[in-house]
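Encoded as structure tokens, the structure appears first; notes follow it.
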Amino acid sequence: MNRDRFRSMQEQLVPSPGAQAALKEALASNHRRPLRWKPYAAVAACAALVLVAAIPLVRSLRGPQAPALHSYTMTDGQVIAEAQESAHVQAPAGTAQEESATTEASGQTGTGEELSVQAGAALYDRLMASFPTDPDTGERDFPAWYGGSFLREDGGYTVILVEERDTPALREEIAGIVCPEEDEESLLSFQTGRYALSFLHEQLERLQESEPISSVLAAAIVLEMENRIEVTLTEPSEDALAELARLDPNDDVFTVLVGQRPSTEEELPVSTDSFTVSHEAEPFPEENGIQDLPSKLPDIQQKSGATSNTTPAVPPTGVTVQARVLKVTGNTMLVEVTVDGAGLHAEDQATFSWPEAASFSPDDPVSISFSGDIMETWPCQLGNVYSVARADG
Amino acid sequence: MNEPLRTGGDPEDIIRLYASTVYGLALARTGSAADADDVFQEVFLVYHQSAPRFRDEEHRKAWLLRTTLNLSRRITTSTWRRKTVPLEERPDTAVPFRDPEENRIWAAVAALPEEYRLPIYLFYFQELSTQEIAKALRLRPGTVRMRLSRGRDRLRESLKGEYFDEP
């Protein structure tokens, strides 16, 4: 039998005795250093004691304590922070730390860069394909090291690794997954971030489940490039800010904006300084897929705290996509696209926040007008949603 | 969420269990016994030092295969290597199988272009499924089947026989 012959051959494929001996010797002299936990444990115990002793002391000095409130920014230009620490006055900076000189390369995209955007998107596809998918929900089960990823302006692809899980071996393994061809490795770079994407998604769900927050929640979206969540509230209620502070004690998971959601039916004070992304939707080619996603997320993510002037409002036009409601959870809607368009394909799933989400039910046909921005998550998240209307028929 | 990962297994047992797998793949990839020896050592040193955690044995095997390919690629594509002796001219490429016929089969496999050689090797010698090969080589299963088919055609021509029949 040939199978027996191949097995016989495979059994003969063994490293030389010299290599085996050398490996054994290398392993013997290269024991992994045991974790020296005792000094760390001692320091941690001391720190814990100091904290335990300090908290009542500080409380007694400061008198009766009002609940801590999360910082927030008014989108009409007022920068307000009611967080108790002055460090919270500004919207928290992104926690992702740049590690690649090429990551934020500027410059206009041209034909060559469009090609490399597609190449970068191929890396994204491969990484996503390597994550297991929940057969019931269809949602990807992101590993604890994965902080998100995005396509860069220069066409490359950046993976955000959770700081404490970032190792050379992990990077090597990811490179092996997303770059089967050697010449693709130049497209890949890494950043470290503080939070796993799965944690950010969990936080998103907590927002929607929290009554004080959901009652004033206009929108919430995970900004993968920033490794945080942008939350828009219709008003800065103390209960909501306190709950946000409880969920985000370090004030760096949420960037909280306060202002009304843009709507197509009324003029709104949308600051062009704050929202540099054009409301004129970028046209998408007819046959597009992930390769055709915008190479860069809109600057809205980076300038949330930079509002200054209220400019005459321009009713946003946006793009429209037809879909069917799959699920409504709080203010969040999960829909399935029914007609190709706006950069989405039929049967794609998309999620977004909408204050009147509760008025829709599963299977409702809807027409969604949004800014055209599609975040590269799964399911994808729509950018600014301007209107959601029940579609006829 | 994700299950807790685990390392598990005595290092020596793991080496014993996977030495042939790692070495064979490295040999198929590099075409050199000396390089395969180097890759074999490197893979298990990396394994030992990074202590990766695995969901199950299949995950461990996939990690070892992938790391073997990565380290093999690093060796064969290094600047030093590209400027020195071509693989086929290296004196250590022959593998002394016991049976001359086996040497002939291996020589035919080794002569295949890499895109056919690795799927053929993994399928027939390591008895991986097309799905597993696709995962290890980061290819679509359809691409693997196509490469297996073309690789078989070439082997039939070079060996004048049906050693590599359809599954």
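The values are calculated or read from the model by the stated rules, or taken from the named source; none is laboratory data. Everything numeric here is computed off the predicted structure, so don't read it as measured data. Cβ placement follows ideal geometry from the backbone for every residue including glycine, while neighbour counts extend to all protein chains displayed.
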Filter result (at the interface with chain A (Cβ under 7 Å from one of its Cβ atoms) and assigned to a loop (DSSP other than H, G, I, E, B)) within region B:29-52: B:ALA51, B:PRO52
Filtered residues of region B:53-100 (kept if at pLDDT below 75, of a type outside the set (Val, Ile, Thr), in contact with a Ser or Thr (Cβ under 8 Å, 6 or more places away or on another chain) and not in a loop (DSSP other than H, G, I, E, B)): B:LEU87
Residue match in region A:127-134 (condition: more than 8 Å from chain B (Cβ to nearest Cβ), aliphatic (A, V, I, L, M) and out of contact with any strand residue (DSSP E or B) (no Cβ under 8 Å at 6 or more places or on another chain)): yes
Criterion violated by A:ALA175 - all others in (1) within 27 Å of A:THR329 (Cα to Cα); (2) aliphatic (A, V, I, L, M); (3) surrounded by fewer than 20 Cβ atoms within 10 Å (Cβ to Cβ) satisfied: (1)
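Kindly check whether there is at least one residue in region A:226-235 that is more than 23 Å from A:ASP373 (Cα to Cα) and not assigned by TED's automatic domain parsing to the domain that holds A:MET375.
Yes, the conditions are met somewhere in region A:226-235.
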Some residue of region A:150-157 being modelled with pLDDT of 85 or more, away from every other protein chain (no Cβ under 13 Å) and out of contact with any helix residue (DSSP H, G or I) (no Cβ under 6 Å at 6 or more places or on another chain): no
Identity of the residue in region B:16-28, in contact (Cβ under 8 Å) with a residue 12 or more places away in the chain and more than 7 Å from chain A (Cβ to nearest Cβ), that ends up nearest to B:ILE105 (Cα to Cα): B:ALA28
Region B:144-160, subset under 14 Å from B:TYR124 (Cβ atoms) and among the small types (Gly, Ala, Ser), residue surrounded by the most Cβ atoms within 10 Å (Cβ to Cβ): B:GLY151
Pairs where the first residue, in region A:1-19, is at the interface with chain B (Cβ under 7 Å from one of its Cβ atoms) and the second is part of a helix (DSSP H, G or I) and among the charged types (D, E, K, R), C-beta under 6 Å, 6+ apart: A:MET9/B:GLU102; A:PRO15/B:ASP37; A:SER16/B:ASP37; A:ALA19/B:ASP37
Subset of region B:53-69 (residues that are more than 9 Å from chain A (Cβ to nearest Cβ) and surrounded by 21 or more Cβ atoms within 10 Å (Cβ to Cβ)): B:ARG60, B:LEU64, B:LEU65, B:THR68
Selection from region B:60-77 of residues that are of a type outside the set (Lys, Arg) and without any contact (Cβ under 8 Å) to a residue 40 or more places away in the chain: B:TRP63, B:THR67, B:ASN70, B:THR77
Some residue of region A:348-362 being of a type in the set (Gly, Ala, Ser), at pLDDT below 80 and not assigned by TED's automatic domain parsing to the domain that holds A:GLU153: no
Residue in region A:182-189 that is crowded, with 16+ Cβ neighbours inside 10 Å, more than 14 Å from chain B (Cβ to nearest Cβ) and closer than 23 Å to B:ARG66 by Cβ present: yes
Enumerated strands (runs of 3 or more DSSP E) restricted to region A:172-263, each holding at least 1 residues that are at pLDDT 85 or above and basic (Lys, Arg): A:228-233
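In region B:107-147, which residue that is among the hydrophobic types (A, V, I, L, M, F, W, C) and in a loop (DSSP other than H, G, I, E, B) is nearest to the other protein chains (Cβ to nearest Cβ)?
B:LEU139
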Residue in region B:96-143 that is farthest from A:GLU173 (Cα to Cα), counting only those that are buried (at least 17 other Cβ atoms within 10 Å of the Cβ) and among the β-branched types (Val, Ile, Thr): B:ILE105
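Could you tell me how many of the residues in region A:329-381 are over 22 Å from A:PHE142 (Cα atoms) and either in a strand (DSSP E or B) or in contact (Cβ under 8 Å) with a residue 24 or more places away in the chain (or both)? Don't jump to the end; show me each part of the working.
Quick first cut of region A:329-381, residues over 22 Å from A:PHE142 (Cα atoms) only: A:330-331, A:337-346, A:354-373.
Adding the requirement that they be either in a strand (DSSP E or B) or in contact (Cβ under 8 Å) with a residue 24 or more places away in the chain (or both) leaves A:330-331, A:337-338, A:340-345, A:354-358, A:360-373.
So the answer is 29.
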Check on B:LEU5, surrounded by fewer than 22 Cβ atoms within 10 Å (Cβ to Cβ), at pLDDT 90 or above and among the hydrophobic types (A, V, I, L, M, F, W, C): no
